[in-house]
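Below you'll find the structure, written out as structure tokens, and then a few comments.
The values are calculated or read from the model by the stated rules, or taken from the named source; none is laboratory data. None of these values were measured; they are calculated from a predicted model. Every residue, glycine among them, receives a Cβ derived from its backbone with ideal geometry; neighbour counts consider all protein chains shown. These area figures cover heavy atoms from the full protein model, side chains too; ligands, DNA and RNA do not enter into them. Shrake-Rupley method; radii C 1.70, N 1.55, O 1.52, S 1.80 Å.
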Amino acid sequence: MIELKELSKNYRNTVILEKCNSVFEDGRISFIMGKNGCGKTTLIKCMCDLESFSGDILFNGRKLDTDTRKSFLTVWDDCTFYRNLSGIDNLMLLDDEHNKHNKEDIKQIALNYLSPEKLKKKVGRYSYGQKKLLSLALVELMHPKILIMDEITNGLDYSALKRLKVRIKEWKKDSLIILTGHNLDFYTAVADDLFIFCLLYTSDAADDKA
């Protein structure tokens with residue numbers, strides 16, 4: 001379980017998050033919906049300890065620690081991988097930091113998403129959608145207890161979205177999953193819980209309150 005307690009985040013004079021109190025439960029898919037700039041990605045960065053904030057974020061009653069980090073995976077929209085390494089080498093390197101599967105097991109999981117030829121190519125030559133598929137292979141490989149995916153549907157075609165819909169429902173059996181995005185048809189079809197973020201302020205005018 002992830003619990004937000006009076007979570008607030010400002011960028012100078014701009015309020016991004018203000019006294020948020022929410023609970024994200026194990027074994028469920030939570031979908032965070034809101035306009036661009038309302039704080040969805042900022043919230044994820046706070047959860048990952050990439051941004052300073054006031055208030056508390058608790059993971060099963062504790063603040064983020066080494067053990068929690070090991071069971072935590074965030075898939076960002078830009079799919080950060082090592083561009084000069086092949087797809088399969090990226091998966092082997094990232095898995096080695098956590099689970100240490102053997103090479104053949106990693107290949108078999110990766111082949112559910114990308115062809116053998118593509119997995120041998122450097123990630124710098126991947127399309128946006130292919131990097132998203134590599135991210136999904138990483139999720140299946142690492143099997144995280146806490147999984148956060150930011151705009152995961154971007155770049156995926158109809159076939160990939162159908163497969164993801166099936167996979168993500170399987171993953172939630174042993175995981176807490178948080179999703180953000182704008183593909184409402186997909187997210188509302190898989191989500192158990194909906195969280196709506198409202199835009200408090202914009203940089204243009206202080207009267208754009210919601």
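For (1) at pLDDT 95 or above; (2) aromatic (Phe, Trp, Tyr); (3) touching a His at 6+ places or on another chain (Cβ under 9 Å), each residue gets a yes or a no:
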site	(1), (2), (3)
SER135	yes, no, no
LEU147	yes, no, no
GLU151	no, no, yes
TYR158	no, yes, no
ILE178	yes, no, no
GLY181	no, no, no
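Please work out if LYS5 is in contact with a Gly (Cβ under 6 Å, 6 or more places away or on another chain), open to solvent by 10 Å² or more (accessible area, probe 1.4 Å) and at negative phi. Before you say what the answer is, go through the steps one by one.
Values: in contact with a Gly (Cβ under 6 Å, 6 or more places away or on another chain): yes; open to solvent by 10 Å² or more (accessible area, probe 1.4 Å): yes; at negative phi: yes.
Yes: the conditions hold for LYS5.
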PHE53 being among the hydrophobic types (A, V, I, L, M, F, W, C) and under 17 Å from the mean Cα position of the chain (by Cα): no
Residue pairs qualifying under the 7 Å Cβ cut-off, at least six apart or on distinct chains, with the first in the stretch 181-196 being at positive phi and the second being assigned to a loop (DSSP other than H, G, I, E, B), are GLY181/GLU151; GLY181/ILE152; GLY181/THR153
Applying the selection to the stretch 101-116, what residues are assigned to a helix (DSSP H, G or I) and over 14 Å from LEU134 (Cβ atoms)? LYS103, GLU104, ASP105, GLN108
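Looking at ILE29, ILE16, ILE57, which one is touching a Ser or Thr at 6+ places or on another chain (Cβ under 8 Å), in contact (Cβ under 8 Å) with a residue 40 or more places away in the chain, open to solvent by less than 40 Å² (accessible area, probe 1.4 Å) and not polar (S, T, N, Q)?
Details: ILE29 fails: touching a Ser or Thr at 6+ places or on another chain (Cβ under 8 Å); ILE57 fails: touching a Ser or Thr at 6+ places or on another chain (Cβ under 8 Å).
Unique residue meeting the criteria: ILE16.
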Residue within the stretch 77-86 that is open to solvent by less than 20 Å² (accessible area, probe 1.4 Å) and at pLDDT 90 or above present: yes
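Starting from residues that are out of contact with any Leu (no Cβ under 8 Å at 6 or more places or on another chain) and not hydroxyl-bearing (Ser, Thr, Tyr), keep the ones in the stretch 26-46 and report whichever is modelled with the lowest pLDDT. So that I can check it myself, show each step before the final result.
Of all residues in the stretch 26-46, those out of contact with any Leu (no Cβ under 8 Å at 6 or more places or on another chain) come to 36, 40-41, 44-45.
Subset that is not hydroxyl-bearing (Ser, Thr, Tyr): 36, 40, 44-45.
Details: ASN36: 79, LYS40: 89, ILE44: 93, LYS45: 93.
Taking the candidates together, the pick is ASN36.
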Of all residues in the stretch 125-136, which are open to solvent by 20 Å² or more (accessible area, probe 1.4 Å), part of a helix (DSSP H, G or I) and not hydrophobic (A, V, I, L, M, F, W, C)? ARG125, TYR128, GLN130, LYS131
How about the stretch 98-124: which of its residues are surrounded by fewer than 20 Cβ atoms within 10 Å (Cβ to Cβ) and of a type in the set (Gly, Ala, Ser)? SER115, GLY124
Every residue from the stretch 32-54 that is open to solvent by less than 10 Å² (accessible area, probe 1.4 Å) and either among the hydroxyl-bearing types (Ser, Thr, Tyr) or closer than 20 Å to ALA189 by Cα (or both): ILE32
